[in-house]
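Here the structure is laid out as structure tokens; the discussion comes afterwards.
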Amino acid sequence: MEEISKVPAHVSIIMDGNGRWAKQRGKERVYGHAEGVESVRACVEAAAEAGVKYLSLFAFSEENWGRPESEVNTLMELMMKAIADEITSLAKEGIAFRVLGNLSRLSPSLLEAIAAAEKKTAPREGCEPLMTLVIFLSYSGKWDILQAAEKLALEYAGKPQELHDLPVTALDRYLVTAGIPDPDLLIRTSGEMRISNFMLWQTAYTEFLFVDKLWPDFRKEDFREALAEFARRDRRYGKVK
Ligand code: FPP
């Protein structure tokens, strides 16, 4: 196995291509989503083994609510099942589980399962988790910026000079990702080269990697290859070296 020299602290993935993967096999789209869960498992293992501190996955966007009801329901059921199946082993491994997004749109039963899973995997006071697995559910980047701006505006209401003097980083603590470092590496599978309203603010200096494989085919070795590619990148943050 290739030794990885520069490990990104935060790897994020736009898991794309489940539907096409199923279609190629003459099956329903949901079959691709179910197989995609296996790729999630593989990448969680690979990330934790490599020493990645945050692995975040774009599981369901605000726009995805517009898919056929049966597909939306299947995705929500898969999420419930994945939580039920995996949370004990995540807790045992020391992996903290978090769900971020516009959660007001989720069902009460899913919200309950998420809250219980977050509680069960939360690190003990003063302890660092081995890794944090962040699932973006009902999330969109523009929604995140708007809800953050609203909170910031409320906090600075009546203080125009203070508001004017804020550094650009001031918005960070109002985003749903507050306290989580910006992604170092963003992987998108399936050959599509766009950000699809994901973490628009947080990816200002993220390295992007677009891979042709469909998400259900993206497994451990692909994740390790992505880390190796990241290690070869030269990050300058707009400066010269
Ligand atoms: C994109 O493929 C994938 C999704 C919208 C859902 C991703 C969800 C999972 C992998 C399962 C549940 C997740 C977790 C974290 C347990 P697509 O449907 O857009 O595929 P297409 O572009 O080929 O149509």
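The values are calculated or read from the model by the stated rules, or taken from the named source; none is laboratory data. Owing to the predicted nature of the structure, the values given are computational and were not obtained by experimental measurement. We place every Cβ from the backbone using ideal geometry, glycine too, and count neighbours over all the protein chains shown.
Within the stretch 97-121, residues that are closer than 19 Å to residue 72 by Cβ and touching a residue at least 60 places away in the same chain (Cβ under 8 Å) have Cβ atoms under 7 Å from residues that are surrounded by 19 or more Cβ atoms within 10 Å (Cβ to Cβ) and β-branched (Val, Ile, Thr) in these pairs: 100/134; 100/176; 100/177; 101/176, counting only partners at least 6 apart in sequence or on another chain. Do you know which residues across the stretch 78-92 are surrounded by fewer than 17 Cβ atoms within 10 Å (Cβ to Cβ), of a type outside the set (A, V, I, L, M, F, W, C) and in contact with a helix residue (DSSP H, G or I) (Cβ under 9 Å, 6 or more places away or on another chain)? Result: 81, 85, 88.
Could you go through the stretch 81-90 and let me know if any residue there is touching a Lys or Arg at 6+ places or on another chain (Cβ under 8 Å), of a type in the set (Asp, Glu) and touching a residue at least 12 places away in the same chain (Cβ under 8 Å). Yes, the stretch 81-90 contains at least one residue that is touching a Lys or Arg at 6+ places or on another chain (Cβ under 8 Å), of a type in the set (Asp, Glu) and touching a residue at least 12 places away in the same chain (Cβ under 8 Å).
For residue 50, are the conditions met, namely being among the small types (Gly, Ala, Ser), modelled with pLDDT of 95 or more and closer than 22 Å to residue 224 by Cα? Considered against the rule, which asks whether it is among the small types (Gly, Ala, Ser), modelled with pLDDT of 95 or more and closer than 22 Å to residue 224 by Cα, residue 50 comes out as yes.
If you check residue 57 against the conditions, is it within 10 Å of the ligand (Cβ to nearest atom), of a type outside the set (Lys, Arg) and either in a helix (DSSP H, G or I) or touching a residue at least 60 places away in the same chain (Cβ under 8 Å) (or both)? It would help to see each step written out before you state the result.
Details: within 10 Å of the ligand (Cβ to nearest atom): yes; of a type outside the set (Lys, Arg): yes; either in a helix (DSSP H, G or I) or touching a residue at least 60 places away in the same chain (Cβ under 8 Å) (or both): yes.
Considered against the rule, which asks whether it is within 10 Å of the ligand (Cβ to nearest atom), of a type outside the set (Lys, Arg) and either in a helix (DSSP H, G or I) or touching a residue at least 60 places away in the same chain (Cβ under 8 Å) (or both), residue 57 comes out as yes.
Of all residues being surrounded by fewer than 22 Cβ atoms within 10 Å (Cβ to Cβ) and more than 6 Å from the ligand (Cβ to nearest atom) in the stretch 15-28, which is farthest from residue 180 (Cα to Cα)? Just the residue, please. Once the filter is applied, the top-ranked residue is 26.
Taking the stretch 89-183 as the region of interest, the helices (runs of 4 or more DSSP H) fully inside it that hold 2 or more residues being of a type in the set (Gly, Ala, Ser) and within 26 Å of residue 8 (Cβ to Cβ) are 141-155.
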